[in-house]
Structure formats: C-alpha cells, structure tokens
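Q: Encoded as structure tokens, here's the structure I'll be asking about.
The values are calculated or read from the model by the stated rules, or taken from the named source; none is laboratory data. As the structure is a computational prediction, the values presented were derived from the model and not from experiment. For neighbour counting, all protein chains shown are included, and Cβ atoms are generated from backbone atoms with ideal geometry for every residue, glycine included. Please note that ligands, DNA and RNA were not included when accessible areas were found on the heavy atoms of the full protein model with its side chains. Shrake-Rupley method; radii C 1.70, N 1.55, O 1.52, S 1.80 Å.
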Amino acid sequence: MKITFLGTGTSQGVPVIGCECEVCRSLDYRDKRLRVSVLVETANTGLVIDTGPDFRQQMLRERVSKLDAVLLTHSHKDHIAGLDDVRAFNFLQERGMPIYGTAATLEQVKKEFYYAFESEKYPGTPVLQLNEIDEKEFEINGVKITPLPVLHLRMPVLGFRIGGFSYITDANVIPEGTLAKLRGTKVLALNALQKEKHISHFSLGEAIEVLQDLQAPQGYIVHVSHQLGKHADVSKTLPPGIQLAYDGLELTV
C-alpha cells in the first residue's frame, strides 16, 4: 500500500497570507504546506481522505488519474472545500464519485454543494454518491476501512485505519475505544498544530505522548501550522520513530 501526503498544513496553509515569520519566508520546500489530505493506493484502489481547498492542485501535482472514493473526516471547510473538483474524475471515469462520511458531514456537504443535488442539475456539476458511515468497519473494493472516532474539542471527527496505516487529523481527544483500534498499527499520522496547548488540536508534546504510548513503529505529524516552527528545526527535537510529514512525502506500508 502506498501513502502520499497530499497536504500537511492547517486550515490557512503554510505560508500564511501576509505573514512574514521565518517559517512563512522559508525556502525549504518542506515548509510549504497545503491543506491536510492524504492519498491511499492499493493494487487496484485509490482513496483520498479529505478534499480541502487545494484538492485540485494536489491531484495535478501527483498526476492522479484514477480515484475510487473520497473519505471525509468532518465538514470543516479546509477538509471539504475542494469537493467540486471531483467532477474531473466523473468525466474521466464516466461515473459518480462515492463519498463516505457521517450523517452530519454529509448533511453539510448537501448544503455547501447544493447544486450537485438539485432535481434539475446544471450541466457539468459534480456527481456525488453519498454513503453514510458510522463507527463500523466497511469496505471499498475489498479494502477494509476502520473508522476511528475522535473529538475536535466537542465536534465528533473520524480518523481512518486502513491495514497498517492509521490517520487522525483535527483532534485533541482520542477515546479509549479508538486507542484500542489503533493498537498494532505500523504507521500513525497524527495532528499537532503547534508547540503550545490548543483548544481543539493536539500540541506537539501531546501528539508525541500519544504516539509513544501506542508504540507505532512510525509516527508522522500532520496538520502543522507556521507556529510550530521550521521543519528542519523541529525535526531535530523529535524522538526516534517520530517525524514531521511534508507535502509529497510517500510511504510504503
């Protein structure tokens, strides 16, 4: 299974518009972070987790020409804003795009992309096939997917485990039941917004504690803001087995 980090940044991305901090002025390509998303590819299936505002750019950069489904973690704009651009795959594949999310997430999708669900659709609008999921395991083309319920302050969010890869973004609480589902994962991508404590995201220290407790052989930090610091500087401070992910990073699991 191949994992490609399409974007590893927070809701504003990095650099931030108008910011002159050293991170936003950095020339290191690893400090250029699009909105958070990941591509999971097996032998015959391609899945994207979240379609943020940079979805089109991410698909073009990685030259993705086949996509079987989209998994949505939650309905915040930086995770669904690019959903309209799946229409390119509608044309290429001559079919609708299956979209998987909770009832609350799909309800927001129907509100924000209302034109895709009208009885008389304007030509060229995306064809979105909504599939409601909860905490139960489900399959796409024979690929087993385990939802990982977490909390983003008080907002329920889903992470996902696919084989030995687990992915959690926008969380600051992981319930015991979800921790049990994470045991034995080989690679865990987990959000850490900044070094200081945050109201709805893990801090870097909190994320490291979770990763070390779960003892995943490989831990990757995602959903990074410019406030965390420069990639090269932060990387020097991380424990063995834990790294900052960066846009375009590829893994084989």
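Q: Only residues that are farther than 20 Å from H152 by Cα and among the small types (G, A, S): list them for segment 41-94, please.
A: The answer is A43, G46, S65, A69, G82, A88.
Q: Out of the residues in segment 77-86 meeting the condition of being of a type in the set (D, E, K, R) and out of contact with any Lys or Arg (no Cβ under 7 Å at 6 or more places or on another chain), tell me which one is most open to solvent (accessible area, probe 1.4 Å).
A: Here is the first cut: in segment 77-86, the ones of a type in the set (D, E, K, R) are 77-78, 84-85.
Within this subset, residues satisfying the condition of being out of contact with any Lys or Arg (no Cβ under 7 Å at 6 or more places or on another chain) are 77, 84.
On the way: K77: 122, D84: 31 Å².
Of everything passing the filter in segment 77-86, K77 is most open to solvent (accessible area, probe 1.4 Å).
Q: For segment 185-196, does any single residue satisfy the condition of being farther than 27 Å from H231 by Cα and either open to solvent by 10 Å² or more (accessible area, probe 1.4 Å) or hydrophobic (A, V, I, L, M, F, W, C) (or both)? Please lay out each step first, then the result.
A: Initial filter on segment 185-196 (farther than 27 Å from H231 by Cα): none.
No, there is no match, as no residue in segment 185-196 is farther than 27 Å from H231 by Cα and either open to solvent by 10 Å² or more (accessible area, probe 1.4 Å) or hydrophobic (A, V, I, L, M, F, W, C) (or both).
Q: Looking at segment 119-133, is at least one residue in contact with a Gly (Cβ under 6 Å, 6 or more places away or on another chain), modelled with pLDDT of 95 or more and open to solvent by less than 70 Å² (accessible area, probe 1.4 Å)? Can you show your working first?
A: Just the residues of segment 119-133 that are in contact with a Gly (Cβ under 6 Å, 6 or more places away or on another chain), to begin with: 127, 129.
Narrowing the set further to residues that are modelled with pLDDT of 95 or more leaves 127, 129.
Of the ones still in play, those that are also open to solvent by less than 70 Å² (accessible area, probe 1.4 Å) are 127.
Yes, segment 119-133 contains a residue that is in contact with a Gly (Cβ under 6 Å, 6 or more places away or on another chain), modelled with pLDDT of 95 or more and open to solvent by less than 70 Å² (accessible area, probe 1.4 Å).
Q: Do you know which of the residues in segment 208-229 that are in a loop (DSSP other than H, G, I, E, B) and either touching an Asp or Glu at 6+ places or on another chain (Cβ under 8 Å) or over 16 Å from H76 (Cβ atoms) (or both) is most open to solvent (accessible area, probe 1.4 Å)?
A: Our first condition is that a residue be in a loop (DSSP other than H, G, I, E, B); within segment 208-229, this holds for 215-217, 223, 225, 229.
From what is left, the residues that are either touching an Asp or Glu at 6+ places or on another chain (Cβ under 8 Å) or over 16 Å from H76 (Cβ atoms) (or both) are 215-217, 223, 229.
Numbers: Q215: 150, A216: 18, P217: 89, H223: 2, G229: 20 Å².
Step by step, filter segment 208-229, then rank; the result is Q215.
Q: Quick one: is R35 basic (K, R), buried (at least 23 other Cβ atoms within 10 Å of the Cβ) and in contact with a helix residue (DSSP H, G or I) (Cβ under 6 Å, 6 or more places away or on another chain)? Walk me through it before giving the result.
A: Working: basic (K, R): yes; buried (at least 23 other Cβ atoms within 10 Å of the Cβ): yes; in contact with a helix residue (DSSP H, G or I) (Cβ under 6 Å, 6 or more places away or on another chain): yes.
Spelling it out, R35 is indeed basic (K, R), buried (at least 23 other Cβ atoms within 10 Å of the Cβ) and in contact with a helix residue (DSSP H, G or I) (Cβ under 6 Å, 6 or more places away or on another chain).
Q: Determine, yes or no, whether L249 is surrounded by fewer than 21 Cβ atoms within 10 Å (Cβ to Cβ), under 14 Å from V36 (Cβ atoms), within 16 Å of the chain's Cα centre (by Cα) and among the hydrophobic types (A, V, I, L, M, F, W, C). It would help to see each step written out before you state the result.
A: Details: surrounded by fewer than 21 Cβ atoms within 10 Å (Cβ to Cβ): yes; under 14 Å from V36 (Cβ atoms): yes; within 16 Å of the chain's Cα centre (by Cα): yes; among the hydrophobic types (A, V, I, L, M, F, W, C): yes.
Spelling it out, L249 is indeed surrounded by fewer than 21 Cβ atoms within 10 Å (Cβ to Cβ), under 14 Å from V36 (Cβ atoms), within 16 Å of the chain's Cα centre (by Cα) and among the hydrophobic types (A, V, I, L, M, F, W, C).
Q: Take the conditions buried (at least 16 other Cβ atoms within 10 Å of the Cβ) and within 20 Å of L6 (Cβ to Cβ) and apply them to T169. Does it pass?
A: On the way: buried (at least 16 other Cβ atoms within 10 Å of the Cβ): yes; within 20 Å of L6 (Cβ to Cβ): yes.
For T169, the condition - buried (at least 16 other Cβ atoms within 10 Å of the Cβ) and within 20 Å of L6 (Cβ to Cβ) - is met.
Q: So which residues in segment 42-76 are of a type in the set (D, E, K, R) and open to solvent by 60 Å² or more (accessible area, probe 1.4 Å), if there are any at all? So that I can check it myself, show each step before the final result.
A: Going residue by residue through segment 42-76, those that are of a type in the set (D, E, K, R) are 50, 54, 56, 61-63, 66, 68.
Passing the criteria: R56, R61, R63, K66.
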